[in-house]
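The values are calculated or read from the model by the stated rules, or taken from the named source; none is laboratory data. Please read all numbers here as calculations on a predicted model, not as lab measurements. All Cβ positions, glycine included, derive from the backbone under ideal geometry; neighbour counts span all protein chains shown.
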Amino acid sequence: MQPSYLLLAILTATLATFATRVLPFLLFDKKRKPSKLLELFEKNMPLMIMVILVFYAIRNTNFNEYPYGMSEIIGILSALLLHVKFKNALLSIIDATFFYMFLVQVVF
């Protein structure tokens, strides 16, 4: 690859990253109350992302052969229970990931 191509790719990625960080501050006025749709997205987006990640994680799981997806099912249930109990997404994701990895590496 030519150095000019690499420089252009890095510059494009930099501008795209910077724009996604700056645009919300430029587009939304702090004095105005956000729209109902934006509030809905703000409230539900973490849950929607977690649901998408769960389905993505189990897309290649074979539920017809041993261990029948038990590691995945137990990992998902542990994340759900931790989130219901502590209401902390980061805690539930990290703890459930460690628990899932323990199940995959040691138990099943």
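Quick look at the numbers
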{"quantity": "Filter result for ILE10 (surrounded by 11 or more Cβ atoms within 10 Å (Cβ to Cβ), of a type in the set (A, V, I, L, M, F, W, C), assigned to a helix (DSSP H, G or I) and free of Cβ contacts under 8 Å to residues at least 40 places away in the same chain)", "calculated": "no"}
{"quantity": "The stretch 25-75, residues that are among the aromatic types (Phe, Trp, Tyr), more than 19 Å from the chain's Cα centre (by Cα) and surrounded by 10 or more Cβ atoms within 10 Å (Cβ to Cβ)", "calculated": "PHE28, PHE63, TYR68"}
{"quantity": "Qualifying residue in the stretch 58-74 (condition: part of a helix (DSSP H, G or I) and farther than 17 Å from VAL107 by Cβ)", "calculated": "no"}
{"quantity": "Matching residues in the stretch 45-66 - criterion: being at pLDDT 90 or above and of a type outside the set (A, V, I, L, M, F, W, C)", "calculated": "ARG59, ASN60, THR61, ASN62, ASN64, GLU65, TYR66"}
{"quantity": "Single residue of the stretch 87-108 satisfying the filter (aromatic (Phe, Trp, Tyr) and out of contact with any helix residue (DSSP H, G or I) (no Cβ under 7 Å at 6 or more places or on another chain)) that is farthest from GLU65 (Cα to Cα)", "calculated": "PHE98"}
